[in-house]
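What follows is a short report on a single structure.
Here, each number is a calculation from the coordinates, and none is a lab measurement. Every value quoted in this text rests on a predicted model; they were computed, and no experiment measured them. When we count neighbours, we look across all protein chains shown, and the Cβ atoms used for this are built from the backbone with ideal geometry, even at glycine.
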Amino acid sequence: LDKEMRAWNAYAGLDDAVKNMMTSLRAVTELQNPAIRERHWLELMKATGVKFEMTDSTTFADLLALRLHQYEDEVKNIVDKAVKEMAMEKVLRELDNTWKTMEFTLEPHTRTKLPLVVVQEELIEVLEENQVQLQNMLTSKYIAHFLKEVTDWQRSLSQADQVIHILIEVQKTWSHLESIFIGSQDIRNQLPEDSARFDTIDKDFREIASENQKDLNVVRCTNRPKLNDRLEDIKSRLSLCEKALADYLETKRLAFPRFYFVSAADLLDILSNGNEPEKVMRHLTKLFDSMAKLKLTEEDGATIKEATAMWAKDGEHMPFPSPCDLSGQVEVWLNRLLEKQCETVRYHLTEAVGAYEEKPRDQWIMDYPAQVALTGSQIWWTVEVCAAFAKLEEGYENALRDYYRKQVTQLNALIVHLLTDLTPGDRQKIMTICTIDVHARDVVMKLVASKCESVNDFMWQCQLRHRWDDKEKDCFANICDAQFRYAHEYLGNQPRLVITPLTDRCYITLTQSLHLIMGGAPAGPAGTGKTETTKDLGRALGIMVYVFNCSEQMDYKSIGNIYKGLSQTGAWGCFDEFNRISVEVLSVIAVQVKSIQDAIREKKTRFLFMGEDIRLNRTVGLFITMNPGYAGRTELPEKVKALFRPCAMFVPDFDLISEIMMVAEGFTDARLLARKFITLYSLCKELLSKQDHYDWGLRAIKSVLVVAGALRRSDPGRPEDQVLMRALRDFNIPKIVTDDMPVFMGLIGDLFPALDVPRKRNLDFEKLIKQATVDLKLQPEDSFILQVVQLQELFEVRHSVFIVGNAGTGKSQIWKVLNRTYHNQKRKPIAVDLNPKAVTNDELFGIINPATREWKDGLFSTIMRDLANLTSDGPKWIVLDGDIDPMWIESLNTVMDDNKVLTLASNERIPLNPTMRLLFEISHLRTATPATVSRAGILYINPADLGWNPQVATWIETREIQSERANLTILFDKYVPMCLDAVKSRFKKITPIVEGAHIHMLCRLLECMLTSATTPADCPKELYELYFVFACVWAFGSALFQDQITDHRLEFSKWWITEFKSIKFPVQGTVFDYYIDPETKKFESWTKLVPKFRLDSEMPLQVVFIQK
């Protein structure tokens, strides 16, 4: 229109009307929103001041009458509010639907079968999520309309959350205490007041549990009136019962301090069965060093509470001089039993010392228990050396030389005795006495060589000398200026360490540290004998030594309880890997140790420890061992270092140890053979490749010598060098990698020239292994059978074994076949496998809740305890299948070494009994510390040992048609070797894939494709090849990728086409671009399978799916 018209009133009026109409139309469009409710129309009427009814007959004119153009902002705000409210409405509707259907599940209590509520993880997640949603809604400015509903929901869910948490806690505590306060009559008698309190708790709790059953809907169930208050009341009363129980257990521990070294569950078991000594007997090994069983008196066919003898865990029997009364409270009669044990050892020792000169020594040894015979012979050694010195002072120059000759004669008599047919117990006793005798002989030789003339010479004074005091009628041990009274703990028939100059030095340091009222701290690399030397010194003094494997789970309270137990029992505590405890705990420990040492220094009989007045037995000794700079170790604070006297342990004298052990195992030409042995190991260390799993240290030497001793006794006519050569060869071959094998065999050949001893074989057992292999549908290849035999041989001498090898080399099948073999022999084997990396360290070994001191058991500790409690004689294995890292495996150090005990942060000690073994299935030992590697036997599976043939043969056997089997065998031989070679050397994969995985993939693809529909029974063999080629291409080529230089998929395609010409692919593209058409049995392009795309104009573009 003309510009001049714009000044006209008609133009301005029309322009306004059009603009208003446009604004109104926009507002009407917005009001069409489905979120608008009746209340929003009322708000609109209020804003515009016009009343109307919104019905089906409402016209556009009615809406225009509202003059919406004047209220554009109001309309926008109302619509915006409606949309937000609709979103809230949706959330509330969803909440309603969710909690209508959300129900608890019930699970019966194991003992009473009372149904208890089980809360699923998913329920807790939904509950937390919905509470957050409601909280966010409350912060919204549009909440007004839903405020009551949202606050109601928030109250209900908050109440549900509170009730669920407290209910779970109450159920857990009730379950734990129910078996104690209601299930044990003994404890009800001991704690009548708390038992009565628990009875009322039990009644109230059962009421709540039966109410829960009536309506399992989570919201309705948890929002019952006063439920939270009732649960809070039960919880507070339960905590009183818990405290009473803890105080009760503490009083029992104070009455018999060795109870500090058993877990609360075991202690309750002992207390509740206190009147039945037969039931307490299974816990004796946790309370005493060796006592495992008591001989109870029988009268008229019934046993009475009186013991007349004890058995050690190794089967040795020792009669009591007078019966021991086992009546009364358990802690009282256990104290009587402890005194009786010491009295018995002392009584037999008195007799043995008195009878030594009455009969020949080798006959005298057989008349007494091992500990008594050993201590008695050590006492008489001191007497005889002192007598020789006395003769020397009288002018008889050859006194010591003559005594040396006498010792050699005595020793040779024992070695001859060893080769006769002895019971295992007698053999162990004589081997132990031989070990100590060799040291005694060497000491006398040293005295002769250094021309000692008096008993006061330091060379003699620095020896650990046992002497019998006639006035005290007791045995004392002297070393330098320190003197210890023999403690008479019954030690059974246990082996003793070979004493080397390093051991002597360590003995002097540790005894001096006790003499100066300090702790001892042997430190040094793995396998130098830190813990064993401490234990051995304890055995020499007849004292109980508890070994604790320190871990980061230990806090100052759990260690404080150990110290509390040690200072009252007077036993020694050896804290292995002490520097694994966290630094903040170590600083508190320093205060605890100092308070014990100060009390000993002041010769107190009672002292204040952690705010408690306890009695003190001054023979207590505290020792810590440390490994330098391994993973997971901390530096000790200075104030801890100041309390312990350090003793550096370095690599011991292997020559001497192996020589003495050989003597003890019955070898006569021990010195020469020991030299050959150690030469081989030192050359292996230098000349073989540096593998993570190689260990040529003390533990490896010891286990080979045990094997050599067993071979020597089983074949007494065979020359000694042949026996040793066989042991060295057959025991080490399992861990040698393929590349090192020629070097190793060359070294054996050089040290034992012209010896070719066949491997000792048990053909009947090998036949059983082959049968088990076939039972498991595997291939009984010779190399595989040998590995199963080697695993069995390792289990004979090591209780921890690593099977090391890459994925797919048959590690799992080796132990499964051995397990099946045992099963076929009706030996009832049990194998429990777990992945230690699937759970945290705390979940694996258990943890103490720092606030409640409640112990939460771990996966491994539960499995080990269950297996240890089984009474069957069958093999029991714990198989740990997962990567090793120092944080979890170091906690198993005491299980894997000679202690064979799992020590937990709860002070519980679970023994690894003789039928139990630990088996670790791992790919490498890169992250393991030397402390771990040295503790286990190793079976190394070379990748080339198995190959791909057995896997294929096993799969082909599953095919039913004979002709198909024959065709497939030919095809595997034609294609697989070349493909494996090419994939290994020519092409790059996006991720490492082992040989076995390619074969596995190939077999699975063939399984899918070779069906009765695609390859009927009478089909030509070319059809098999067609499908085989397709499967092969994808099995070997699927993981290839394109790097910056080469497209390996394309290279593979070119290689395939030039290498294999019997099945031709189309010329265009790569071999990966085609599939086999099931109808025509020809290669077709994958693009043929993609349907043509047509765009549906009705559908929004964002939801359209285009197949490519």
Please turn the phi angles of the range 301-310 into ³J(HN,Hα) values with the Karplus equation 6.51 cos²θ - 1.76 cosθ + 1.60 (θ = phi - 60°), one per residue in order, whole Hz, x for glycine and proline. x, 10, 7, 10, 6, 8, 10, 10, 7, 10
Tell me the label-point distance for the pair Phe765, Ala482, using the 7 Å Cα-to-Cβ offset, in nm and rounded to one decimal. 4.4 nm
Dipole magnitude (debye, nearest 20) for the chain, charges at Cβ of Lys, Arg, Asp, Glu: 1200 debye
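Arrange Phe1093, Phe320 by Cβ neighbour counts within 10 Å, fewest through most, would you? It would help to have the intermediate numbers written out before the result.
Numbers: Phe1093 10, Phe320 19.
Exposure proxy ranking, most exposed first: Phe1093, Phe320.
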Any idea what angle helix 1048-1059 forms with the longest principal axis of the chain, computed on alpha-carbon atoms, 0 to 90 degrees, nearest 10? 80 degrees
So for the range 497-652, using the alpha carbon gyration tensor with a ≥ b ≥ c as root eigenvalues (a/c under 1.5 gives rounded; past that, a/b versus b/c decides prolate or oblate), I'd call it oblate
Lys/Arg Cβ at +1, Asp/Glu Cβ at -1, dipole of the chain taken about the Cα centre: which of Ala931, Cys386, Asn824 is farthest positive-ward? Cys386
Given a Förster distance of 25 Å, report the FRET efficiency between Gln722 and Asp945 from their Cβ-Cβ distance, rounded to the nearest 0.05. 0.40
Extended-chain gain in nm, criterion 0.36 nm per residue less alpha-carbon gap, Thr862 and Asn849: 2.9 nm
Can you pull the percent of Cα pairs in the range 363-487 with separation above 16 Å? 64 percent
With θ set to phi - 60°, apply the Karplus curve 6.51 cos²θ - 1.76 cosθ + 1.60 along the range 91-103 and write out the HN-Hα couplings as whole Hz, x wherever there is a Gly or Pro. 4, 5, 5, 5, 4, 4, 5, 4, 7, 5, 9, 6, 10
Please state the shape class of the range 102-253: rounded when a/c is under 1.5, otherwise prolate if a/b exceeds b/c and oblate if not, all from the C-alpha gyration tensor. prolate
Projected convex hull area of the range 654-751, Cα atoms, direction-averaged, in nm², equals 5.7 nm²
Calculated P(r) over Cα pairs in 10 Å bins from 0, in percent (choose from (i) 2, 8, 13, 16, 15, 13, 11, 9, 6, 4, 2, 1, 1, 0, 0, 0; (ii) 2, 9, 16, 21, 19, 14, 9, 6, 3, 1, 0, 0; (iii) 2, 9, 15, 19, 20, 17, 12, 6, 2, 0, 0), label: (i)
How many nm separate the modelled label positions at Asp215 and Asp233, each set 7 Å beyond the Cα in the direction of the Cβ? 2.0 nm
Excluding same-chain residues fewer than 8 positions from Lys446, which lysines have a Cα within less than 16 Å of its Cα? Lys406
From the residues Ile596, Leu747, Ile433, which one has its Cα farthest along the dipole of the chain in the positive direction, the dipole being from +1 and -1 charges on Cβ of Lys/Arg and Asp/Glu about the Cα centre? Leu747
Residues whose placed amide H lies under 5 Å from that of Met310, excluding near-sequence neighbours: Lys295, Met318, Phe320
For the chain, calculate the relative contact order in percent as a whole number, restricting contacts to Cα pairs under 8 Å that are 6 or more residues apart. 7 percent
If you plug each phi of the range 192-202 into the Karplus form 6.51 cos²θ - 1.76 cosθ + 1.60 with θ = phi - 60°, what whole-Hz ³J(HN,Hα) values come out, in order, with x for Gly and Pro? x, 5, 6, 5, 5, 4, 5, 4, 5, 4, 4
What are the residues whose amide H is under 5 Å from the amide H of Phe609, where those residues sit 5 or more places off or on another chain and H is modelled from the backbone? Ile614
Filtered trypsin sites (Lys or Arg not before Pro), the range 350-442: DSSP coil and at most 11 other beta carbons within 10 Å: none
Check each of the chymotrypsin sites (Phe, Trp or Tyr not before Pro) in the range 120-217 and keep only those in coil by DSSP with at most 16 other C-beta atoms within 10 angstrom; list them in order. Tyr142
Between helix 501-515 and the chain, what is the angle of the helix's C-alpha long axis to the longest principal axis, kept within 0 to 90° and rounded to the nearest 10? 80 degrees
Above 23 Å lies some portion of the pair distances; for the range 763-946, what is it as a whole percent of all C-alpha pairs? 43 percent
Output for the range 547-643: GluC sites (Glu not before Pro) sitting in coil per DSSP, at most 13 other Cβ within 10 Å, listed by number, reads Glu602, Glu635
Over all directions, how big on average is the projection of the convex hull of the alpha-carbon atoms in the range 961-1079, in square nanometres? 7.7 nm²
Length released on extending from Ala10 to Thr151, taking residue separation times 0.36 nm less the Cα-Cα span: 45.0 nm
With the cut-off at 25 Å, tell me which of the pairs Lys429/Lys676; Lys141/Lys226; Lys293/Lys535; Lys252/Lys639; Lys811/Lys984 have Cα atoms farther apart than that. Lys429/Lys676; Lys141/Lys226; Lys252/Lys639
What shape does the range 574-666 take by its C-alpha gyration tensor, where a ≥ b ≥ c are the square roots of the eigenvalues and a/c under 1.5 counts as rounded, a/b above b/c as prolate, and the rest as oblate? oblate
Could you tell me which residue out of Ala905, Ile848, Leu249 lies farthest along the dipole of the chain toward its positive end? Charges go on the beta carbon: Lys and Arg +1, Asp and Glu -1, centred on the Cα centre. Ala905
Taking the Cα centre of the range 256-353 as origin and charging only Cβ (+1 Lys, Arg; -1 Asp, Glu), how large is the dipole, in debye to the nearest 20? 280 debye
Separation in nanometres of the label points that stand 7 Å from Cα toward Cβ, at Lys113 and Asp469: 6.5 nm
With r as the distance between the Cβ atoms of Thr297 and Lys777 and R0 = 45 Å, compute the FRET efficiency 1/(1 + (r/R0)^6) and round to 0.05. 0.20
Folded to 0 to 90 degrees: helix 859-869 orientation relative to the chain principal axis, Cα: 40 degrees
Could you give the dipole magnitude of the range 952-1089 about its Cα centre, charging the beta-carbon of Lys and Arg +1 and that of Asp and Glu -1, in debye to the nearest 20? 300 debye
For Glu612 and Glu193, FRET efficiency with R0 = 22 Å and r from the beta-carbon atoms, rounded to 0.05? 0.45
Violations at 25 Å Cα threshold for listed pairs Lys279/Lys900; Lys203/Lys557; Lys770/Lys828; Lys172/Lys557; Lys286/Lys856; Lys767/Lys837 -> Lys203/Lys557; Lys767/Lys837
Starting from the amide H of Leu902, placed 1.01 Å from N in the peptide plane, find each other amide H under 5 Å away whose residue is 5 or more places distant or on another chain. Ile910, Leu912
Can you show me the helix-derived [θ] at 222 nm for the chain, built from DSSP H runs with n ≥ 4 at -39,500 (n - 2.57) apiece and divided by the number of residues, rounded to the nearest 500. -17500 deg cm²/dmol
